[in-house]
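Visitor: What follows is a structure written as structure tokens; I'll ask about it next.
The values are calculated or read from the model by the stated rules, or taken from the named source; none is laboratory data. These figures come from a predicted structure and were not determined experimentally. Positions of Cβ are backbone-derived with ideal geometry, glycine not excepted, and every protein chain shown enters the neighbour counts.
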Amino acid sequence: MSDLPRQMTKIWPYPPSGAPTTGPLGQSGLQELESRVVEAGGESAGLTAGPFPPASMRGCAGRRSGCASASTTTNGNTPRPLTVLDLGSGVGRFTPLLAQTFGGPVYGVEPAQRMRAVAQESARHPSVSYLAGGAEAIPLPDRSCDLVLMFLVLHHVVDRAAAAAEICRVLRPGGRVLVCGMFGDRLPDLLWHRFFPRARLVEQQVFPALGEVTDLFGLPVLGVERVRVPVTPNLAAYADRLRLRAVSTFEHLTEEEIQEGFAALDRAVEAEPTPRPVAMDNDLLVLGPVD
């Protein structure tokens, strides 16, 4: 289980007491987030190249999604508890932990009925409600959420402009949007790409570019950080997981490529001298109004 929700406590600038902080991400900004990742047993890989965000993206005003109004008002004295939207919550991997972390009601919005059923059974929490809905039609009132998390979700959204508008609609002034996933122009070196090399080319096309995402929301970019999320305890378990073909990229590969990739992966499993945990790098993009 990833420690991402606890990492996010370092992103939110309002502590439980409501005491003032400095900087857009808290007392020490991204450095504090990075130290939290390492402290939690993860690993921060830093930025791929150069300072971020570039000057052209700092403090950008809403142009397409209508988010500008959310960036004109702050709630710097607002303490926890905070209302959180886990958008595309799936089987509730993070949803109860978000409730524990931020103390307020958490809404897990998920379009797949089977996933919601699993979440309601296995990821219960008194402060969590699982709702039917999607990114383009969020079943929550205007300005009802302090924090919106999308974890490995955005690339599945068909109408991203509509989704960005909906997220901005439910976001309260002073709120934050956290997009955790991958961007086509900053793909990390993923383990499975070594066995399925064309998968990287496919994902460069499937995943939106970072600038495309920031343009959609039109909110200031408060930071982007690479975080490492645990996947499986060893390479053999990783191979078993890939064989489920739950990764949509498989749909773009030929059956010959897939079989060759699994054969190479099986050889790597047999040759592994000591089993080691497998993790996956993701980018954590933080968007929100300047405090």
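Visitor: In region 177-197, is there at least one residue being out of contact with any strand residue (DSSP E or B) (no Cβ under 7 Å at 6 or more places or on another chain), among the hydrophobic types (A, V, I, L, M, F, W, C) and within 16 Å of Leu154 (Cα to Cα)?
Guide: yes
Visitor: Can you pull out the residues in region 180-224 that are part of a strand (DSSP E or B) and farther than 20 Å from Thr249 by Cα?
Guide: Within region 180-224, Val221, Leu222, Gly223, Val224 meet the criteria.
Visitor: Oh, and also: Can you pull out the residues in region 135-161 that are closer than 9 Å to Leu87 by Cβ and either among the hydroxyl-bearing types (Ser, Thr, Tyr) or in a loop (DSSP other than H, G, I, E, B) (or both)?
Guide: Those that are closer than 9 Å to Leu87 by Cβ and either among the hydroxyl-bearing types (Ser, Thr, Tyr) or in a loop (DSSP other than H, G, I, E, B) (or both): Ala135, Ile138, Val153.
Visitor: Does Ala164 count as part of a helix (DSSP H, G or I) and under 13 Å from Leu87 (Cβ atoms)?
Guide: It is true that Ala164 is part of a helix (DSSP H, G or I) and under 13 Å from Leu87 (Cβ atoms).
Visitor: In region 93-134, how many residues are buried (at least 19 other Cβ atoms within 10 Å of the Cβ) and assigned to a helix (DSSP H, G or I)?
Guide: 9
Visitor: Name every residue in region 188-236 that is under 21 Å from Pro273 (Cβ atoms) and out of contact with any Pro (no Cβ under 9 Å at 6 or more places or on another chain), in order of residue number.
Guide: Leu191, Trp192, Arg194, Phe195
Visitor: Run down Phe195, Phe151 and say which single residue is more than 16 Å from the chain's Cα centre (by Cα), within 26 Å of Pro233 (Cβ to Cβ) and not basic (Lys, Arg).
Guide: From the options Phe195, Phe151, the qualifying one is Phe195.
Visitor: Which condition number in (1) of a type in the set (A, V, I, L, M, F, W, C); (2) in contact with an Asp or Glu (Cβ under 8 Å, 6 or more places away or on another chain); (3) surrounded by fewer than 19 Cβ atoms within 10 Å (Cβ to Cβ) is the one that Val227 fails?
Guide: Here Val227 clears every test but (3).
Here is a yes/no grid of residues against (1) within 21 Å of Val158 (Cα to Cα); (2) among the charged types (D, E, K, R); (3) in a helix (DSSP H, G or I):
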{"residue": "Val227", "(1), (2), (3)": "no, no, no"}
{"residue": "Pro230", "(1), (2), (3)": "no, no, no"}
{"residue": "Tyr238", "(1), (2), (3)": "no, no, yes"}
{"residue": "Glu251", "(1), (2), (3)": "yes, yes, yes"}
{"residue": "Gln259", "(1), (2), (3)": "no, no, yes"}
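Visitor: Something else about it: Are there any pairs with C-beta distances below 7 angstrom linking a residue in region 153-179 that is closer than 10 Å to Arg143 by Cβ to a residue that is of a type in the set (Asp, Glu), with the two at least 6 apart or on different chains, and if so which?
Guide: Arg169/Asp142; Val170/Asp142; Arg172/Asp146; Gly175/Asp146
Visitor: Considering region 254-275 alone, what residues qualify as being touching a helix residue (DSSP H, G or I) at 6+ places or on another chain (Cβ under 9 Å) and modelled with pLDDT under 95?
Guide: If the condition is that a residue be touching a helix residue (DSSP H, G or I) at 6+ places or on another chain (Cβ under 9 Å) and modelled with pLDDT under 95, then Glu272, Pro275 are the ones that fit.
Visitor: Further question on the same structure: Can you go through Ala119, Ala61, Ala112 and tell me which one is over 21 Å from Gly288 (Cβ atoms) and either in contact with an Asp or Glu (Cβ under 8 Å, 6 or more places away or on another chain) or at pLDDT below 90 (or both)?
Guide: Step by step, each of Ala119, Ala61, Ala112 is checked, and only Ala119 is over 21 Å from Gly288 (Cβ atoms) and either in contact with an Asp or Glu (Cβ under 8 Å, 6 or more places away or on another chain) or at pLDDT below 90 (or both).
Yes or no, residue by residue, for (1) modelled with pLDDT under 95; (2) closer than 28 Å to Leu178 by Cβ; (3) hydrophobic (A, V, I, L, M, F, W, C):
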{"residue": "Pro208", "(1), (2), (3)": "yes, yes, no"}
{"residue": "Phe217", "(1), (2), (3)": "yes, yes, yes"}
{"residue": "Val224", "(1), (2), (3)": "yes, yes, yes"}
{"residue": "Leu235", "(1), (2), (3)": "no, no, yes"}
{"residue": "His252", "(1), (2), (3)": "no, yes, no"}
